[in-house]
Amino acid sequence: MTKSNKALHGAIALAGISALALTACTGPSGGGGGSTASGNAGSTIAYGTTDKVTALDPAGSYDNGSFMVMNQIYSFLMNSKPGGAEPAPDLAESGSFTAPTEFTVKMKSDLKWANGHVLDSKDVKFSFDRQTKIADPNGPASLLGNIKSIATPDANTVVFTLSKANDQTFAQILQSPAAPIVDDEVFPADKLLSDEEIVKAKAFYGQYVIDSYNKNTLISLTAWPDYKGVLGKPANAGATIKYYTDQTNMKLEVKGGQIDVANRSLSATDIDDLKKDSNVTVNVGPGGEMRYIVFNFDTMPFGAKTPEADPKKALAVRQAAANLVDRQAISDQVYKGTYLPMWSNVPSGFLGANESFKEAYGDGSGKPSLDKAKKVMSDAGISGPVNIKLQYNPDHYGKSSGDEYAMVKDQLEKSGLFTVDLQSTEWVTYNAASKKDSYPVFQLGWFPDFSDADNYLTPMFPKGGFFNNHYSNTDVEALIAKQLVTADKSEREKTIKDIQDQLAKDISTLPLLQGAQVAVSGKSVKGVDSTLDASFKFRLGQVSK
C-alpha cells in the first residue's frame with residue numbers, strides 16, 4: 001500500500017527514537033529470530049540498487065553498498081532482530097559489562113564457517129585486531145577507538161577491555177560496519193583480501209553464501225542452512241543483487257516485475273511517480289540519512305595549506321555559505337519533501353538534537369540572509385567574490401545530487417560573494433580522493449552505523465574525522481569523549497547539545513538535509529517493511545513472494 005508524504009515526513013522526524021540504554025543491549029541468545037513474512041520460502045528474490053560495493057573485506061570499506069552485502073554473508077557478536085535496532089546476541093549467547101571497562105561475550109559453541117573451518121573466539125579477536133592494525137583509510141577502524149585489548153580465555157569467551165568506562169555505545173559498535181567477524185584461516189592479518197579471494201574461499205557465516213560474484217553487476221546468493229544467529233532462517237531460498245548505473249532503469253524494472261525490490265537510490269520524482277502505480281508498494285522506514293557539505297581546512301579558500309592562508313577569512317567563507325544556503329528550497333524543489341532541512345550535525349529525533357545552525361545563521365527562522373553573509377565577509381576583510389571548487393558525486397547519492405548542487409551553486413553565486421566551480425566524479429574515485437585533500441569543498445552523505453547521536457559525532461569530528469578534513473578543536477573532542485561515557489541521560493543530552501553549538505561556530509561540515517529509508521517492491525512481495533527499521537540494515541532474509 002502506498003504511503004503518503006505525511007507518513008514519510010513522520011519517518012524522517014522519528015529517526016532516532018530507538019537510541020538505546022546500555023543496559024538494554026545484552027541478554028540471552030536471540031537465535032532464530034527469523035522472518036515473519038508468509039511468502040514462498042522456496043522462491044528467489046531479485047533486489048536492485050544503484051549503491052556500489054567498494055570491498056567485501058570489512059576492513060576495506062565503510063559505505064552502505066558494501067555493508068549491505070556484508071550483512072547477508074557475515075555475522076556479528078551482536079546484531080538486531082528485524083523491526084528494531086536493539087543489539088541482541090548473534091554469534092554470542094550473551095554479552096554484558098562485567099566491569100566498567102570490561103565487556104564479556106560468551107559465544108555459541110560448535111560454529112563452523114561455510115568452508116568448514118572452526119569459528120570461535122580466535123576468529124573474533126583476529127577480526128577486531130586486524131581492523132585496527134590495517135586501519136585502512138576507506139575502512140571503519142575509527143569506530144573501535146575505545147578497545148584497549150581483547151582476551152580469549154577459552155574458545156567461546158571474548159573479553160574486551162576498554163580505555164574508557166561506561167561506553168554507552170559499545171554493544172552497538174559490536175553490530176556496526178567495524179564488527180563483521182571474518183575467518184582467521186582465510187583473511188590476512190595485516191592487509192586486505194580481494195573480493196574474488198573471499199568468494200573463492202567461501203569465508204562466509206551468515207544467512208547466505210555467495211554463489212557467483214560479478215562486482216557491481218550481479219551477485220547471486222543461496223540461503224545457508226547452518227547459520228544459527230539472531231536473524232534465523234531466510235524467508236526465501238536465495239537472492240540476486242543487481243547493480244544499476246541508471247536509476248531510471250531500476251525504476252522501470254521494479255515497475256515491470258523484473259526485480260522484486262528497488263532500494264537506494266530512486267529520485268524524488270521517481271518515488272512520487274511510483275506512489276501512483278498500483279503494481280508496486282512504496283515502503284518507508286525511519287530516517288537517519290544525512291546530506292552535508294565538507295570543508296577541507298587545508299585546501300578550502302584561505303585554508304591552512306593555501307598561499308593565502310588565513311583562518312579568520314576561511315571561517316568567514318564557511319559562515320557566509322551557511323548564511324546563504326536555502327535548505328527548504330532544496331527540499332521542496334529537488335527532493336519534493338523526501339528529504340527535510342537539517343539544522344544541526346545530529347539529525348532531528350536523536351538524543352540531544354538541536355537546531356544550532358538555524359539559530360546561528362540566516363534570518364534565524366531557516367531562511368537565508370544575504371546581509372549577514374555580506375557582513376561576515378566584510379568583517380574578515382574579504383572584498384571580492386571568492387572562488388569555491390565544489391565537488392559532488394552523481395552515482396552514490398543519486399542523480400538528484402546534480403540538481404541539489406546546481407541549486408547550492410546558484411544560491412551562493414547569486415549573492416555576488418562567490419563564484420563556484422562545480423564538478424562531479426564517479427564514486428569509486430570520489431570516495432578515495434575526498435580523503436586525500438583532492439577536493440577543497442565537497443558533498444558527502446551519511447547512513448548511520450547504529451541508532452545513536454554519537455554515530456554523527458565520533459566518526460566525523462575528532463582529528464578531522466573519517467573524511468580527513470583537518471578540522472581540530474580539542475574542546476569539541478573532549479565533549480564528544482565525555483558524552484560517550486556519560487550514563488546520566490540528561491547530562492549526556494546537554495553535552496550533545498553543547499557539541500552541536502560549538503560545531504555550528506566552527507562549521508567543519510555544513511548539514512543540509514536528512515531523509516527516510518525508501519524501498520519500492522512489487523505487490524506480491526512481502527517483508528520489506530519489516531527490515532526498514534532503525535538498525536538501517538536491509539536484510540534480504542526478510543523478503544519473500
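Couple of notes before you dig in:
- At a probe radius of 1.4 angstrom, the accessible area of the chain per residue rounds to 36 square angstrom.
- Cβ-based charge dipole, the chain, positive-most Cα from HIS470, LEU162, THR281: THR281
- Euclidean distance of C-alpha centroids, the stretch 378-400 and the stretch 50-70, integer Å: 28 Å
- Pair-distance distribution of the stretch 101-162: all C-alpha pairs, bin width 10 Å, starting at 0; shares per bin in whole percent are 22, 45, 30, 3.
- Within the accessible area of the chain (1.4 Å probe), percent carbon and sulfur: 50 percent
- Extension gain, THR429 back to LYS414 (0.36 nm per residue minus Cα-Cα distance, nm): 2.3 nm
- Value of [θ]222 nm, deg cm²/dmol, for the chain, DSSP H segments ≥ 4, -39500 (n - 2.57) each, nearest 500: -8000 deg cm²/dmol
- For the stretch 247-320 versus the stretch 324-359, the gap between their alpha-carbon centres in whole angstrom: 13 Å
- The stretch 374-424, Rg to Rh (Cα coordinates; Rh as Kirkwood inverse mean 1/r): 1.09
- FRET efficiency, ASP421 to SER524 (Cβ-Cβ, R0 51 Å, nearest 0.05): 0.55
- Extension gain for ALA135 to THR474 (0.36 nm times residue separation, less C-alpha to C-alpha distance): 119.8 nm.
- When only alpha carbons are used to place a centre, the stretch 428-501 and the stretch 144-194 end up 21 Å from one another.
- Net charge contributed by nearby residues that have their C-beta within less than 14 Å of ARG130 (K/R +1, D/E -1): -4
- Column: log10 I(q)/I(0), Debye, Cα scatterers of the stretch 174-255, q = 0.10, 0.26 Å⁻¹: -0.33, -1.29
- Computed from backbone phi, the HN-Hα couplings of the stretch 136-147 come to 4, x, 9, x, x, 4, 4, 5, 9, x, 8, 7 Hz, rounded to whole numbers (Karplus: 6.51 cos²θ - 1.76 cosθ + 1.60, θ = phi - 60°; Gly and Pro given as x).
- Charge context of GLU185, other residues only, Cβ under 12 angstrom, K/R +1, D/E -1: -1
- The spread of Cα positions in the chain, taken along each principal axis and listed from longest to shortest, comes to 70, 55, 41 Å.
- Projected over all directions and averaged, the alpha-carbon convex hull of the stretch 307-460 occupies 9.8 nm².
- Percent of beta bridges antiparallel (DSSP, the chain, rounded to nearest 5): 75 percent
- Our summary of shape: the Cα atoms of the stretch 187-303 have principal axis extents of 51, 50, 28 Å, ordered from largest down, in whole angstrom.
- Scaled against the 2.2 N^0.38 Å expected of a compact globular protein of N residues, the Cα radius of gyration of the stretch 291-377 reads 1.20.
- Set LYS81/LYS255; LYS112/LYS545; LYS125/LYS164 screened for pairs whose C-alpha atoms are more than 25 Å apart: LYS81/LYS255; LYS112/LYS545
- Helix runs (DSSP H) in the chain reaching 27 Å along axis by Cα, Kyte-Doolittle at least -0.5: none
- Packing around the peptides 153-164, 128-139, taken as the average count of other Cβ atoms within 10 Å per residue, puts them in this order, highest first: 128-139, 153-164.
- Evaluated on the stretch 236-289, the Kirkwood hydrodynamic radius is 12.2 Å, with distances taken between all distinct Cα atoms.
- Formal net charge of residues neighbouring ASN79 (Cβ-Cβ distance under 9 Å; K, R +1; D, E -1): +1
- The calculated FRET efficiency for LYS489 paired with THR98, based on their beta-carbon distance and R0 = 35 Å, is about 0.90.
The values are calculated or read from the model by the stated rules, or taken from the named source; none is laboratory data. This structure is a prediction, so every number in the text was calculated from the model and none was measured. With ideal geometry, Cβ positions are generated from the backbone for all residues, glycine too; neighbour counts draw on all protein chains shown. All accessible areas refer to the heavy atoms of the entire protein, side chains included, with ligands and DNA or RNA removed. Shrake-Rupley method; radii C 1.70, N 1.55, O 1.52, S 1.80 Å.
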